1. Identify, please: which residue in segment 216-237 is under 20 Å from the mean Cα position of the chain (by Cα) and outside any strand (DSSP E or B) and is, among those, farthest from residue 181 (Cα to Cα)?
2. In a strand (DSSP E or B), over 27 Å from residue 145 (Cβ atoms) and under 18 Å from the mean Cα position of the chain (by Cα) - does that describe any residue in segment 60-81?
3. Looking at this structure, is residue 274 touching a helix residue (DSSP H, G or I) at 6+ places or on another chain (Cβ under 9 Å) and closer than 22 Å to residue 1 by Cβ?
4. Which one of these is closer than 24 Å to residue 190 by Cβ, in contact with a helix residue (DSSP H, G or I) (Cβ under 9 Å, 6 or more places away or on another chain) and assigned to a strand (DSSP E or B): 86, 127, 36?
5. Could you count how many residues in segment 130-142 are part of a helix (DSSP H, G or I) and surrounded by 16 or more Cβ atoms within 10 Å (Cβ to Cβ)?
6. Would you be able to say whether some residue in segment 143-159 is part of a strand (DSSP E or B), touching a helix residue (DSSP H, G or I) at 6+ places or on another chain (Cβ under 7 Å) and without any contact (Cβ under 8 Å) to a residue 40 or more places away in the chain?
7. Just the residues that are in a helix (DSSP H, G or I), over 24 Å from residue 140 (Cβ atoms) and touching a residue at least 24 places away in the same chain (Cβ under 8 Å), please, taken from segment 180-199.
8. Sort out which residues of segment 211-221 are farther than 15 Å from residue 278 by Cα and crowded, with 18+ Cβ neighbours inside 10 Å, and write them in order of number.
């Protein structure tokens, strides 16, 4: 399986061990998923499509991409831009973010339609998110959606995490409208029920799954925190329990790592229910550690 993630990776300031200290890392929703997928399936070709600047911090990000076992050949360079920055604040394991991303080069990742087409031609599975759509201007969004539509028609599998972030959008109506446009070009949807209930008014995970299935996704997996995961694959649907955790340290990248395990299962046709079990175990490990990216023992996920 050849995998391509599309989106933004930012410099991350995460709380350090010392009081009021921060450590520098790099993270972003689709990048996090690519990073975990490269850990779970080291034999898989994992690529990241984004745009960065030509400055020192952008080069550090590029180094982090390749150090994570991710191909950087589809990283575009925008000389007069840099990368975005965010800072994590934690309160009993729940995170909040402060962002500095107005000059992020990733906002121009869809500026070259030919580059998008070349990248998609060289892959089997394409993954993007609602954040990917949110950081683009309307014309660039349509360029990306058109490329995804074309790739899907050519037999590529498109996976989508709606990742609803209202602060990135002009208003909730724009967010929900564009997110469903993203769903309409996708084979796999990986929404989170709490967000979907808040912004789409879904009464239960089944309603969320039905909406994405109606939009065109053949497989929908609805994350729901500590509550059971609901899934729908064609005419088959059901739920899977989430193992209880004794403590939660940091929920950053919980959903991103979960998605990675679901997508990893596509590499060897793992039954969806087994992929969900592995995804819950991986996400459980992630939320019990600090930071978005943690060491992964893929063998341990099967125990």
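The values are calculated or read from the model by the stated rules, or taken from the named source; none is laboratory data. All values derive from a computational prediction rather than experimental measurement. FYI the Cβ positions are ideal-geometry reconstructions off the backbone, even for glycines, and counts take in every protein chain you see.
1. If we take residues in segment 216-237 being under 20 Å from the mean Cα position of the chain (by Cα) and outside any strand (DSSP E or B), then 226 is farthest from residue 181 (Cα to Cα).
2. No, because not a single residue in segment 60-81 is in a strand (DSSP E or B), over 27 Å from residue 145 (Cβ atoms) and under 18 Å from the mean Cα position of the chain (by Cα).
3. yes
4. Exactly one residue qualifies, and that residue is 127.
5. 7
6. Yes - at least one qualifying residue is present in segment 143-159.
7. If the condition is that a residue be in a helix (DSSP H, G or I), over 24 Å from residue 140 (Cβ atoms) and touching a residue at least 24 places away in the same chain (Cβ under 8 Å), then 193, 194, 196, 198 are the ones that fit.
8. The answer is 211, 212, 213, 215, 217, 219, 220.
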